[in-house]
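Structure first, then comments.
The values are calculated or read from the model by the stated rules, or taken from the named source; none is laboratory data. All values reported here derive from a predicted model rather than from experimental measurement. Counting neighbours? That spans all protein chains shown, and the Cβs are built from the backbone with ideal geometry, glycine included. In case anyone asks, the SASA skips ligands and DNA or RNA and just uses the protein heavy atoms, side chains included. Shrake-Rupley method; radii C 1.70, N 1.55, O 1.52, S 1.80 Å.
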Amino acid sequence: MTDFSTPRRMSPGAFVIMFLKSFKDIVGAAFVALVYMLYNSHDSGGRLFWKFALAAGIILTYSLAVAFTRYYFRKFHIEGDKLIYTRGLAEKQTTIIPLSRIHTLRTKRGLVYRLLSMRGVAFDTLASDKQEVELILDERDWQMLLERVSKGENFAHITDDSVALPPPVKDDTRSISNLNILKGALCQNHLKGFAVLATVTLALFDKISQIDDNATDRIIEYIGTHAGDVMPTAWQCLCLLVAIYLIVMALWTGKIALRYDNMTLRMTDNLLTIESGLVSRFTCRLAREKTTVLTIKRNPLEKIAGCQTISLQQAENATDSKNEGGIRIYGSNLGDELLAWWLGNNGSVNDTTLLSAASGIGLMMRRFIPHLLLAAGGAAIIMISTKLALAAVMAGAVYAAIAAVRAAMAWKHSSIELKESYMKINRGNIACIREYIRYRDIQSVAIASTPFTPYTGRVSINVSTNAGCATVSSLAMNEALAIRNYILDGKVSLSASESVV
């Protein structure tokens, strides 16, 4: 049996994966130089072949050296409730992480990992916005390490050796079908697909621009010369826009399918394990107390399709926060079940509402006026540049009307409710978004006024957690004070409560 109590290296297959990663990184860094050598070389085919063979030999040798150094001089072990990780050749660095401080435990199984029956394991804490430790283990070592980590977590919470470990807890596993995941993806804001297209396009242009300035100039000159030969008609422009939209949606749904394929959720008493992915299988093991904010979103498309988008927000400094701010679950209808798991035994989805407050019309004006000014400015620019007054006025009016509808819906949705064990914030414009925050996760509460507060009696309340700040605007002063007093003191002051009633 593998013993993690003494320092040891990672599984042997880790060396192969490290070599492939090093080779990929070095080839990527040398790609521009290799293309430049091919493009500007006047050598014969045989001489050019030997040049590339020499370059390949250097890259392979350097990749092997880097992989060996990374593999051989990395060791890890577990002592009691602490994970100890040592790395470095000339300067050794030892990282000691209490298992109770591990914020997220994530695994990755890409194609190469799966062929070698390996798994990349990342331990994240709040010490930095990068993963603290990354190990590459085979399945047997991973299961044994996971068992040791679980025992270490329990050990960290038990100070008396005579106290027995807690009994096994209920294990509830749910699966989300690929059809529901794609349905949930198509119900999102389709502009996200354009962000994917922009990312691909920018990466492509970045590679092209690095090849050679003369080649790039010739490509641009060629496009400029022949672009005017064929002027597209209105129908051709429309077909082009439709084709671009279809490409964008294909990229977006493809991204979601690759990342969230065959998603399973396993809920135990205090742990949530999420596994998904088509080519690469990703696993995230997250403790209930490390989830700061639970968000449930439902827009009109999701309402028709009967699904929700659920987000589990972690601390901003957690490594996984770079993936759109947290863990997202598309196409499910498990919002109430995840909320019940998240609250645990300390609360209930049906907790009594103690205090509530809704935003005033000032929120609508705050959202609408900047867009109204933007619509007026855009209409003026169109009118001056094209002399088409009617078209400019219509474009400005349409934009302002859409902005007015969005601002009105934001006003309608914005409110805050204090339950017995958690706080619920309602927001969103087109979509209805509910944010749930436990009182113990709140770090500070602030009330912000505006120059108009003396006339309107309206203020904003800002609730800060380690996952960010939630703001509810245009609340009545007495309601905001009552909410702040309850969050900070756990009770409602008499005068504030009478004012709210």
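Pairing each residue of the stretch 472-501 that is at positive phi and outside any helix (DSSP H, G or I) with any residue that is at pLDDT 90 or above and open to solvent by less than 20 Å² (accessible area, probe 1.4 Å), provided the two are 6+ apart or on different chains, yields C-beta distances under 9 Å for S474/S359; S474/G360; S474/L363; S474/S414; S474/V459; S474/S460.
If you go through the stretch 390-428 and keep only what is polar (S, T, N, Q) and in contact (Cβ under 8 Å) with a residue 60 or more places away in the chain, you end up with S414, S421. Condition first: under 25 Å from K183 (Cα atoms), among the hydrophobic types (A, V, I, L, M, F, W, C) and part of a helix (DSSP H, G or I). Can you find one or more residues in the stretch 291-300 that meet it? No, the stretch 291-300 contains no residue that is under 25 Å from K183 (Cα atoms), among the hydrophobic types (A, V, I, L, M, F, W, C) and part of a helix (DSSP H, G or I).
Select from the stretch 1-30 the residues that are of a type in the set (S, T, Y) and closer than 23 Å to L115 by Cα and list them in ascending order. Passing the criteria: T2, S11, S22.
Within the stretch 349-373, the residues that satisfy the criterion of being open to solvent by 50 Å² or more (accessible area, probe 1.4 Å), touching a residue at least 12 places away in the same chain (Cβ under 8 Å) and either over 26 Å from V405 (Cβ atoms) or not aliphatic (A, V, I, L, M) (or both) are T352, T353, L354, S356, R366, R367, H371. Residues that are farther than 24 Å from A431 by Cα, among the hydrophobic types (A, V, I, L, M, F, W, C) and surrounded by fewer than 18 Cβ atoms within 10 Å (Cβ to Cβ) within the stretch 268-319 comprise L278, V279, A287, listed in sequence order. The set of residues in the stretch 416-456 being open to solvent by 20 Å² or more (accessible area, probe 1.4 Å), touching a strand residue (DSSP E or B) at 6+ places or on another chain (Cβ under 6 Å) and among the small types (G, A, S) consists of S444, A446, A448, S449.
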